[in-house]
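Notes to accompany the following structure.
The values are calculated or read from the model by the stated rules, or taken from the named source; none is laboratory data. All values reported here derive from a predicted model rather than from experimental measurement. With ideal geometry, Cβ positions are generated from the backbone for all residues, glycine too; neighbour counts draw on all protein chains shown. Keep in mind that these areas ignore ligands, DNA and RNA; they rest on the heavy atoms of the full protein, side chains included. Shrake-Rupley method; radii C 1.70, N 1.55, O 1.52, S 1.80 Å.
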Amino acid sequence: MTLSLPPVIVWFRQDLRLADNPAILAAAATGKPILALYCLDDEAAGDWAMGRASRWWLYHSLSRLEDALIGKGGQLVFKRGAAQTVLTDLISETGADAVYWNRCYEPWARQRDEQIKIMVKNRDLQARSFNGSLIVEPWDIVTATGAPYRVFTPFWRRLHAQYAPQPPLPAPDTLSFASRVSSDTLKDWALTPVQPDWSGGLQQMWSPGESGAMKRLEKFLARTVTLYKDRRHLPGETGTSHLSPHLHFGEISPRQVWHAVEQAGQTHTAGGHTFLSEIAWREFSYNLLYHYPDLPTTNFQPRFDHFKWDNDDDLFTAWRHGRTGYPIVDAGMRELWATGWMHNRVRMIVASFLTKDMMIDWRKGQAWFWDTLVDADLANNAASWQWVAGSGADAAPYFRVFNPVLQGKKFDPDGAYVRAWLPELAGLPTKVIHAPWLANHKTLFDANIVPGETYPDPIVDHSFARKRALAAFESIKGGS
Ligand code: FAD
């Protein structure tokens, strides 16, 4: 009886989970059979097609979701190509009379989804979209004058006071599925690296998928959250949740995270409150991207359009390879390459170094992060790069140029982080670990270091570079 009903297509995107998934729950509530689809749409994404680290994650996350759906007696259909064409064909093939999805906020995805909604409705079929990724929709939280928020603190106060989320939705108990349709296999998509296979470090560190996300959250709430306020600044310790790729791919929702913090009695503790404010930074970034869709390509503050970036290729290569001669910068870039992730404090340091010490355009750094981060996220990446560069909304003032040596000493006081990622410096005593060029001959000899050979000399002189960056900034200061 049920099988004769037309199916509902549930189109998975950045919501690779079954719990707290409004689209699948609403589809299940129709009583119609479900056709679960994932479409790899590099065409619509264009310049923002997923980078290599994200593709590694996607492969594993989709495998877990496929297992979960097979476990419920169903199928996850894999299709590659323009989503509009894929959906049109699938509707014709299966006689589906509805398409449900959870919303995405990337400008290219919004434009595409709008067209798909029109296509579906023009056929007298149902298209429904839901909020599965944010605590509050960007159009629902605006200032008293109706303008988008451009400053974080009032945004966070408002979110906290008025938009504390409802408890998350359960996973559907049972699902009935449409008859099987032809599908690619995940392996056809070659999402994971083969030669060379650089993914060993990622495999060691991460468990993509819904249950991996929940375990990360539970571990964080059991062990880390109480000390989060202070320890989150220390890259040498496990002081943060590591939830970013899980949140990006929607293996867990911010509502689930918020609710779990509440359940753990941590909402008003220093650690829990600070952690929720970081979840709010994610919301703020999405809000900015929604209201200012050029955020990933255009300076939020137009006066930066006149800034003369140097864009030296050799410096950019040294930065990417973690060979700048500044240990905290190099450790961060090597952590990124090995694990697809970098500690937030170090992201700020390497981004400041690139844009200010090297005077390289933030968009180049953003692009490298896009390719190498497992949590590469258009909203968070663009908002954060512009924040550090000084060109963004509520940005760090341009004249705040991080000193990589002082940052290293303050946030990696025993050098544990640098030693972990730069084994060639491991033998240095702590007092010079963040500035090896200050070590005397004997110390270098004892630590097996040949300056310029086993570890590079500093590629720029920080105090000179700082003055140069500030002078360049002065020249655009008067602009709007
Ligand atoms: P936690 O400290 O445990 O925070 C919990 C969650 O809050 C994170 O998972 C993330 O979703 C959110 N969050 C935390 N800090 C921020 C922030 N500053 N802005 C927005 N959301 C935040 N984050 C990404 O998710 N994707 C990116 O592509 C990205 N690019 C960045 C680029 C630069 C230059 C900088 C300085 C930061 C970037 N961030 C990005 C923000 C931040 O560094 C990461 O979200 C964080 O390090 C992830 O680790 P975590 O999950 O352990 O964070």
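A few comments on the model shown:
- The C-beta contact set for the range 221-246 (first residue charged (D, E, K, R), second residue more than 8 Å from the ligand (Cβ to nearest atom) and outside any loop (DSSP other than H, G, I, E, B), distance under 7 angstrom, 6+ apart or interchain) comprises K229/A270; K229/G271; K229/T274; E237/R231.
- Any chance R320 is open to solvent by 10 Å² or more (accessible area, probe 1.4 Å) and at pLDDT below 95: no
- Screening the range 1-33 for residues that are basic (K, R) and closer than 22 Å to W189 by Cβ and picking the one that is least open to solvent (accessible area, probe 1.4 Å) gives R17.
- For the range 146-195, taking the residues that are among the hydroxyl-bearing types (S, T, Y) and modelled with pLDDT under 95, the one that is least open to solvent (accessible area, probe 1.4 Å) is identified as Y163.
- The condition (being farther than 22 Å from W319 by Cβ, among the aliphatic types (A, V, I, L, M) and surrounded by 13 or more Cβ atoms within 10 Å (Cβ to Cβ)) is satisfied by just one residue among A447, A420: A447.
- Residue match in the range 53-65 (condition: modelled with pLDDT of 95 or more, touching a Lys or Arg at 6+ places or on another chain (Cβ under 8 Å), closer than 21 Å to T372 by Cα and not small (G, A, S)): no
- Residue match in the range 34-52 (condition: open to solvent by 20 Å² or more (accessible area, probe 1.4 Å) and over 24 Å from P296 (Cα atoms)): no
- For the range 223-242, residues that are within 11 Å of the ligand (Cβ to nearest atom) and not in a loop (DSSP other than H, G, I, E, B) total 5.
- Some residue of the range 109-119 being open to solvent by less than 20 Å² (accessible area, probe 1.4 Å), part of a strand (DSSP E or B) and in contact with a helix residue (DSSP H, G or I) (Cβ under 6 Å, 6 or more places away or on another chain): no
- Residues of the range 450-467 satisfying the condition of being out of contact with any helix residue (DSSP H, G or I) (no Cβ under 6 Å at 6 or more places or on another chain) and surrounded by fewer than 17 Cβ atoms within 10 Å (Cβ to Cβ): V450, P451, G452, E453, D457, D461, S463, F464, K467
- Subset of the range 370-395 [in contact with a Gly (Cβ under 9 Å, 6 or more places away or on another chain), open to solvent by 10 Å² or more (accessible area, probe 1.4 Å) and outside any helix (DSSP H, G or I)]: D375
- Odd one out for I328 among (1) in contact with a helix residue (DSSP H, G or I) (Cβ under 7 Å, 6 or more places away or on another chain); (2) assigned to a loop (DSSP other than H, G, I, E, B); (3) over 29 Å from Y59 (Cβ atoms); (4) open to solvent by less than 10 Å² (accessible area, probe 1.4 Å): (2)
- Lone unmet requirement of (1) at pLDDT below 95; (2) crowded, with 16+ Cβ neighbours inside 10 Å for R223: (2)
- E278 open to solvent by 50 Å² or more (accessible area, probe 1.4 Å), away from the ligand (no atom under 11 Å from the Cβ) and more than 25 Å from I476 (Cα to Cα): no
- Residue that is under 30 Å from L276 (Cβ atoms) and either open to solvent by 40 Å² or more (accessible area, probe 1.4 Å) or charged (D, E, K, R) (or both), where the choices are R103, R80: R103
- The residue that is nearest to L62 (Cα to Cα), among those in the range 187-211 that are among the small types (G, A, S) and outside any helix (DSSP H, G or I), is G209.
- Note on the range 340-369: residues that are in a helix (DSSP H, G or I), open to solvent by 10 Å² or more (accessible area, probe 1.4 Å) and within 14 Å of A53 (Cβ to Cβ) amount to 2.
- Some residue of the range 196-208 being modelled with pLDDT of 95 or more and near the ligand (Cβ under 10 Å from one of its atoms): no
- Test: residue in the range 243-259 that is under 18 Å from the mean Cα position of the chain (by Cα), more than 8 Å from the ligand (Cβ to nearest atom) and among the basic types (K, R): yes
- Meets criteria (in contact (Cβ under 8 Å) with a residue 40 or more places away in the chain and either surrounded by 14 or more Cβ atoms within 10 Å (Cβ to Cβ) or out of contact with any strand residue (DSSP E or B) (no Cβ under 6 Å at 6 or more places or on another chain) (or both)) for A426: no
- Which listed residue, of R303, R334, is over 23 Å from M205 (Cα atoms), away from the ligand (no atom under 15 Å from the Cβ), touching a Gly at 6+ places or on another chain (Cβ under 6 Å) and part of a helix (DSSP H, G or I): R303
- L234 vs. criteria closer than 30 Å to A426 by Cβ and hydrophobic (A, V, I, L, M, F, W, C): yes
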